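Nothing in this text is a laboratory measurement; each read-out follows from the coordinates by a stated rule. These figures come from a predicted structure and were not determined experimentally. Ideal geometry is used to build each Cβ from the backbone, glycine not excepted, and the neighbour counts take in all protein chains shown.
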Amino acid sequence: MFFPRTVVVSMLAFAFAGHVYAKSEKSEVCHATSEKQIASLFDRWNATLQTGDPQKVVANYASKSILLPTLSNKPRLTAEEKIDYFKHFMEHKPVGTINSRTIEVNCNSASDSGLYTFKFDDGSEVKARYTYTYKWDGRAWLISSHHSSAMPEKN
C-alpha cells in the first residue's frame, strides 16, 4: 500500500506528539505533610535567628527565593543579600512569636500567613504581617518567598 508523503509525515508527527504528551503527563509525586509540620518551619527559622549566625537563617531559603524584609525597603534575592539583611536584623537578638496564622498545604508547596511580633533585647518590639511560601525540594521544605511588613496602625 502506498501512502502519500504528507500522510506519512502527519502520522509520524502525531505519534511523536503523543509520546511527548504522555511523558509530560507524568503525575507529580506529592510529599506528604501537615499543617503542624508547616507551622514548625517557622519555629525552625526562628530558632536559627537565636544562633546569631545569619548563614544558618539563610539556609532555610531556597536558592531561588525572595525575602521582602520587615526593616528594609530592599528586596533580597541572593544568599549574600539575605545574609547582609539578617546580619543587621540579628544585632538586637530578635525573637519572633506568631500571633495568628493561616496555613495552606498543596502538592509540594505550602503557605503560612498571619501576624507576628518580634521582641528585641532592648525591650522594643515590632508587630508585623507575614507570608512564608515553602516548596519541597526533594529533601527539605525551604522558603521560596518571605514577605514581612510592619503593621501600619500602631494599635
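A Cα-only calculation for region 48-102 places Rg and Dmax at 11.3, 31 Å. Remark on I66: its backbone amide H falls under 5 Å from those of S145, H146, a criterion applied only to residues 5 or more positions apart or on other chains, H modelled at 1.01 Å from N.
Could you size up the charge dipole of region 99-155 around its Cα centre, putting +1 on the beta carbon of Lys and Arg and -1 on that of Asp and Glu, and report it in debye to the nearest 20?
Details: 7 positive and 7 negative charges, 24 e Å.
The dipole magnitude comes to about 120 debye.
Between P94, N60, T70, the Cα set farthest toward the positive side of the dipole of region 35-155 (charges on each charged residue's Cβ, about the Cα centre) is that of N60.
Counting only Cα atoms, region 66-135 measures 40, 29, 17 Å along its principal axes, largest extent leading. Our analysis of region 23-155 gives Rg over Rh at 0.99, with the two radii drawn from alpha carbon positions and Rh computed by the Kirkwood formula.
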